[in-house]
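Every number in this text was worked out from the coordinates using simple rules, so none of it is lab data. Everything numeric in this text was worked out from a predicted model, so none of it was measured. Virtual Cβ from ideal backbone geometry, glycine too; neighbours counted across all protein chains shown.
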Amino acid sequence: MKILLMPTDVSSKIAAGEVIDRPASVVKELIENSLDAGASAIYVDIRGGGKERIRVADDGIGIPAEEVELAFQRYATSKLYDAVELESVSTLGFRGEALPSIAAVSRILFVTRTSFEDSGTQIDVQDGQVLGIQSQGAAQGTVVTVTRLFENFPARKKFLRTSGTETSRIQTLITRYALAYPGKRFRLTVEGTEVFNTSGSGHLREAVADVYDTKVAQAMLDLSSKTVSGEKPSVMISGLLGTALVDRANQSHIALFVNGRWIQSRSLVYAIKQAYHGFLKERRFPIAVVSIVMPHEEIDVNIHPAKAEVKFRQEGLVFETLQQLVRQTLTLHTPVPELLVPHAIGRETMNESLGPLFLETNITTGLSHNMSHAFPKARQDVGPPIDEVQKIFVDQSFIPKKVLPMLRVLGQIHSTYIIAEGPDGIYLIDQHAAHEKVLFERVVAESMQSPPKIQSLLEPVTVELNPHQKELIDRQGDLIYRLGLHLERFGPSTFLIRGVPPTMPDGDPAKSLVEVLQLMMDGGGFNSWEERAAYSIACHGAIRAGKTLSQNEMSELLRQLEDCDRPHTCPHGRPTMIHMNFEYLEREFGRR
Ligand code: ADP
Ligand code: MG
């Protein structure tokens, strides 16, 4: 077959598909144009999930009459003059593709007026053809109305979801921009009814209150870094981090912005999720608004037609800085757990099975503060040495340690829970969760020592391993050794166990090793291998539910729990204990 150059109307339709694939992408491009035009208010109105009509109105600089038609030509832009500028794009748009792409697949009515013109201009474009252009009275700014989206593109139209789904995508999107630009007024109306609006006060917390509610806004922690000074590049991170009180069922509430651009980044979302580990219950996700500011030359925004992804020149630095800052912020700010009588607060953060009792504030301070530094970085290959990144953090010499009161063991119920009395009421302690926490903190602490704490066996024990277990040892051998397991290869599938961690229960080391490897493979809900490993050893070594304990064993366990940095939660962030204070008892017994 002969090679032919495509007619431009074909190529522009193909290109349009990369930029505009659903109503939300129309809204995104129009909002970005409004922001680039310096608007202070951006109003979006949609009907039929945007399939029927999308209208975006702004009070920005507008387009002079003689340039309006040009704006609809591919690669026409006022934001970029040469290739050098492409290296440091500071506007949201720069490709000059959005308006022609939208116009190629819909009908656009575009009305605009600059401050130096007496009247505005209206242009009407459908499926890439200009139907008319005329002078028209208008307020300063631009109003874009898009109808008949994908009407002549049935294949594309088929991929659209229900109006409800498309609406919610649009809403999520506008929410993101409202959070990225708290100084701008955003309003969304759906079928003529206002869904939300932001005040444009310039305060992020207020924008969060407008987008979510005041409870969420109040529960958010301030995230802020100083510049990593000295060497270039500098990375500035700011924003708000939600706590467990306002956690969510999916990760769509993690919003990331780089230089004012909302971006999608699996890696940075992962950095945040990891940093939250132990601060949220399993399978719960935070609300987080994170804004990264760095020199424009340090990022490449031109890797994706929809400009939704960026490439960092030093991704490792950004990853590490973000992860550590989030972790540090959570650790420093997390309030000391307070055990209270039931009120309405916090109920949703608790396990249903606890019935009427729950802890009020934060039940999820799972990990000791130094967990994030406990292990050499798994991502050693990226980013600067760790202490360089740490320079940006606030003085961390003071990290609150939550203490337990002195507890006196009263007994055990169901061979699973310990009942104890404290100065302020009764405590029910989950023996397995409590012991797991004790061991977890101990394993983490011991792994930081060098050489690792290993209890040598008098006689090495041989163990047969299956290929999965062998592979795990091959891949994570160093980590396994640092945690106190001294293994030696003995045959194709045989290993010698020469030493075990002091936390490992006496008995059959071969059986223990196999169980620990199995737990590590399962992961226990942890992502990092370091946490998986520490958890595996802790879980394996912890007293089981169902085991009858002597008075001494119970007292010893409580004493160890008192020594923990975060005694109230197990490594997963679930409570290790419930507390019934006297006020609660009196109220339940009708004494007051
Ligand atoms: P880009 O944003 O990449 O430059 P677009 O196709 O989105 O490309 O827009 C083309 C040009 O039209 C922009 O460069 C800008 O000059 C102008 N423009 C588009 N929307 C607006 C608006 N809402 N207000 C003012 N000017 C606009
Ligand atoms: Mg644009």
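For segment 524-592, chymotrypsin sites (Phe, Trp or Tyr not before Pro) meeting the loop criterion (DSSP other than H, G, I, E, B) and having at most 16 other Cβ atoms within 10 Å: PHE589. Between amide H atoms placed 1.01 Å from N, distances below 5 Å from SER135 occur with GLN122, all of them 5 or more places distant or on a separate chain. Taking θ as phi - 60° and the Karplus parameters 6.51, -1.76 and 1.60, the scalar couplings of segment 206-211 work out to 5, 5, 5, 5, 5, 7 Hz in sequence order, x denoting glycine and proline.
Across segment 577-592, computed HN-Hα scalar couplings (Karplus, 6.51 cos²θ - 1.76 cosθ + 1.60, θ = phi - 60°) run 8, 10, 10, 10, 7, 5, 4, 5, 4, 4, 5, 5, 8, x, 7, 7 Hz from first to last residue, x flagging Gly and Pro. For segment 174-269, trypsin sites (Lys or Arg not before Pro) meeting the loop criterion (DSSP other than H, G, I, E, B) and having at most 14 other Cβ atoms within 10 Å: LYS226.
For segment 404-545, the extents of the C-alpha atoms along the principal axes are 57, 28, 26 Å, listed from largest to smallest.
For segment 258-274, putting each phi into the Karplus relation 6.51 cos²θ - 1.76 cosθ + 1.60 with θ = phi - 60° gives couplings of 10, 6, x, 9, 6, 10, 9, 8, 4, 5, 6, 5, 4, 4, 5, 4, 4 Hz, in residue order, rounded to whole numbers and with x for Gly and Pro. Close amide H partners of GLY183, meaning residues 5 or more places away or on another chain with modelled amide H under 5 Å apart, are GLY202.
Which net charge results when you count Lys and Arg as +1 and Asp and Glu as -1 among the other residues whose beta-carbon is under 12 Å from that of ARG185? If you can, show how the numbers build up before the last one.
Working: positive: LYS184, ARG187; negative: ASP58, ASP59, GLU206, ASP210.
So the surrounding residues net to -2.
Remark: SER78, SER201 ranked as SER201, SER78, counting other beta-carbon atoms within 10 Å and listing the fewest first.
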